Amino acid sequence: MDKLFILLICMFKCCLTFEGNLELKKLGEKEYLLLKAKSNLPVHGPCWHKALKELKNNCNKLNDQEHSLLALRLANCFLEDSGHITYDCHFSETEADRRQCINSMSDRAFGVYNEFYTHTTHICFYLNHELWQIETERTFQNLYAASSKMTEQLVEASKVQGSMLESQKEGLKIQNELLVNGKELGTVIKTSANSVNEMVLDFKESSKSQQALLNEIFSYMRAFQDWIVGEVSWFQSIVYYSIACIICALFSSSKRTADSRITLFVVLSLNVTLERMLVQYNINVTSPEDKIQLAYYTWGLRKIVLLLCMSILLYSYYSYRDEHMENNRVLRRIEKKLHALQEAPQPFRYRTRLAVKRLNESKGASTEESLKIIWHDLKCEEMDRLEGTHFYGQRAHIFITLGASGDLAKKKIYPTLWWLFRDNLLPKTTTFFGYARSKLTLQDLRDKCHQYMKVKPGEEEKYEAFWKLNYYVQGPYDSDKSFEHLNSELMKFENGSEANRLFYLALPPSVFEEVTVHIKNKCMGKKGWTRIIIEKPFGRDAPSSQRLSDHLASLFNEEQIYRIDHYLGKEMVQNLMTLRFGNRIFSPTWNRDNIASVQITFKEPFGTQGRGGYFDEFGIIRDVMQNHLLQILSLFAMEKPASCCPNDIRNEKVKVLKCIKPLELDDVVLGQYVGDPDAEDPEARLGYLDDPTVPSNSTTPTYAAAVLKINNERWDGVPFILKCGKALNERKADIRVQYRDVPGDIFDGKAKRNELVIRVQPGEALYIKMMTKTPGITFNMEETELDLTYDKRYKNIKLPDAYERLILDVFCGSQMHFVRSDELSEAWRIFTPLLHQIENERIPPIPYKYKSRGPKEADAMAKKNNFVYYGSYKWPEHR
């Protein structure tokens, strides 16, 4: 019966396995045909053809080594096809050499190898499907034989269990015998107890004589105590009095008030009087118990008087300071700080240093003006009070870049750290660590970064000092021991009592989870705070983003997580709050009664530039619109926060996002750029699908225009038009607020709409387009502007880079310009349904030419949503 049951289970599993086999076979066939198609390509086809031939020949003898070699061949072809560095790991003679070669791969190459490792399994399964079926049947036969053998073993086990029960019965008999012997042992113990009682009685008799001796000793001690209370108290009171006179004299010479001196004299005089009264009372007391109690009172009184004296001295020191003298000390400290800043700058509050730097760069800035700015900033404590943040300039800090060998690290992170170090904006004792899989020396890392560092003449010595503070640790991302080693290296630079750590995750999202677990378990700072900077993308859609947020929340507090979006560090984006809530002129018109539409635009004049493989995984909506543009929208449209504290601001941003419904396909225009055969630029002749790293049938949009509506009292009915794209006619990012038409027009339709334009890049500017009379005798009208162009108004001011601002914010603990988890959740809620529909239905994008304004359908959609494009305004040439 047992065998029949096991047989039925095996048959059921066979049915389930058969269905799974069909799915795996279809998947393998699809991947095999894709590789076969690539083998016919004219450029890189031979590589694919040779790899496919090896795959066919070796699938039947597939083991772990052969599996890895085939995956390496295929990965090499893909890397060669996409223009990346190739690795000859499949030519390694031994398995150790092959593994060493794999570990030396870059992050991109290692990911491709892992992907083709899976593809190899699917293809071999497809090519050897029949052999696998035979092997499966043989496996089930062996399983049946093993189950029969197991049944026999169970029968044998039951027999062994019976013999064990017999052994337990024998053990119980032995226990009964031990109980009988225990009774006899109890009789022996009772006899011993009687002997002990007799010994105790003898000891009590001897202790009576010892008690008489102790009473005599105590009588001598009482006599000595009487002498202490009667005579020594006078000596102690005199000492108290003398010390108090000296201290009071010192206070008087320091221009302190006389109140503390008088109070001290009164307290000590009362102490002397009370102690003398206690001495007289002690002479008249005859009871020993009363004398002991009196001694306790005397010593307690002395302790109370001592505490009163100390309290009076401390109170007088902190409550009666000379205000004029303190002001002079503050001014002297400020002068010293200014002198140190000019000679050998010391780090202090970073906004103060930025102000001094700007003043020194401007012509005619005097030392007195610099002194006023520093003194005001030091005294007002704005950053601590308004933003709830603080800059710890004298504590040790360690900045760790995970993924230090990648493009983001060499192009953005290391240059930003160098600029901050060069301008003395970092804490005084900051050390930099890089960590990555690549086997590099510090010199190799320095050489990779050098072309992006923008080192100016005269900065060579400072540049050398920066790299002396840098270190590099090599290791995988999935190893506990490697992160333990990293932590031991970090601890060597945490010699003081306080030290803080900042981790920048310049890594692909696939390793976020395991790396953050290792940081939590092995690398958290023990002497200060630990903060984690995470680079986008924060997931691909709402579920994946929520999984990442939940994972991070299980390891860190929200105050430790800094999701960086570099557009929130742009000068004009940060200026939105001041523009809206610091100017009375805009508040009455910032609503649906006056604004017709708002257009937020992001344009790039170049294509994917060889990064099409990466871009194709995400598309323009995930890369730009869902994060950069939506963050600008929330800052533009939010209500006035309760304060400038980061959480108050982010609360208002979340409220705006919650009022936006998920996007639908009818509200979106998607485009994909194609080459312009008439263009002079060779790059402009290539379209998106001409990029060798992009699949030939890709429908990923490189342009998107979307219309969002905010369902609240202020913005009901106002369309917010978000536009972003690559390979367009110019580089630009701006916010264009178009006001409604003037009611009761008397100019025969010549008046055009007013526009408030906030240009984020390039050339930060804020200007209002308005109508004015043309100079002359006629009554014609033309467009002009009220202009605030930054490079004209602030000629000699260097605006810090967005990454400079944001990394400094992390040092200060300000999360104002970082994305909170609930913001992220609401943003993905708006875009996820649309993204899934585009991918599942493979919505074809509209083609548009390289260097054009984008699809014409986008202009039609903007016009339909109350945005009027005139095309007549010309920016003055003298700009």
Protein accessible area in the stretch 517-618, 1.4 Å probe - carbon and sulfur %: 49
Cβ-based net charge around Trp419, under 9 Å, with every Lys or Arg adding one and every Asp or Glu removing one: -1
Gain on full stretching of the segment that runs from Ala96 to Lys56 - 0.36 nm per residue minus C-alpha separation: 11.9 nm
Cut-off 13 Å between beta-carbons: net charge of the residues surrounding Asp407, Lys and Arg +1, Asp and Glu -1: +4
Let me know the shape class of the stretch 515-572, please: from the alpha-carbon gyration tensor, a ≥ b ≥ c as square roots of the eigenvalues, rounded when a/c is under 1.5, otherwise prolate if a/b is greater than b/c, or oblate. oblate
To the nearest 0.05, how large is the calculated FRET efficiency for Phe606 and Gln560 if R₀ is 35 Å and r is the Cβ-Cβ distance? 0.45
Net charge near Cys523, counting Lys/Arg +1 and Asp/Glu -1 over other residues with Cβ under 9 Å of its Cβ? +2
Ordering of 141-148, 588-595 by burial proxy (mean other Cβ atoms within 10 Å per residue, highest first): 588-595, 141-148
First check a/c for the stretch 510-668, with a ≥ b ≥ c the square roots of the eigenvalues of its C-alpha gyration tensor; if it is under 1.5, answer rounded, and if not, answer prolate when a/b is larger than b/c or oblate otherwise. oblate
When N counts the residues of the stretch 466-513, how does its alpha-carbon radius of gyration compare numerically with 2.2 N^0.38 Å, as a ratio? 1.33
In whole angstrom, how far apart do the alpha carbon centroids of the stretch 538-607 and the stretch 686-756 sit? 17
Apply the Karplus curve 6.51 cos²θ - 1.76 cosθ + 1.60, θ = phi - 60°, to the phi angles in the stretch 546-558 and return the couplings in whole Hz, x for Gly and Pro. 5, 4, 5, 5, 5, 5, 5, 5, 6, 10, 10, 6, 4
Residue separation between His485 and Glu839 times 0.36 nm, minus their alpha-carbon distance, gives in nm 123.1 nm
Normalising by the residue count of the stretch 531-608, find the relative contact order in percent from Cα pairs under 8 Å and 6+ residues apart. 27
Per the stretch 578-729, sqrt(5λ) over the Cα gyration tensor eigenvalues, sorted largest first, in Å, gives 36, 15, 15
Only Cα pairs under 8 Å and at least 6 apart count here; give the relative contact order of the stretch 391-526 as a rounded whole percent. 36
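The values are calculated or read from the model by the stated rules, or taken from the named source; none is laboratory data. As the structure is a prediction and not an experimental result, all values here were calculated from the model. All Cβ positions, even for glycine, are placed from backbone atoms using ideal geometry, and neighbour counts span all protein chains on display. Accessible surface areas use protein heavy atoms only, side chains included; no ligands, DNA or RNA. Shrake-Rupley method; radii C 1.70, N 1.55, O 1.52, S 1.80 Å.
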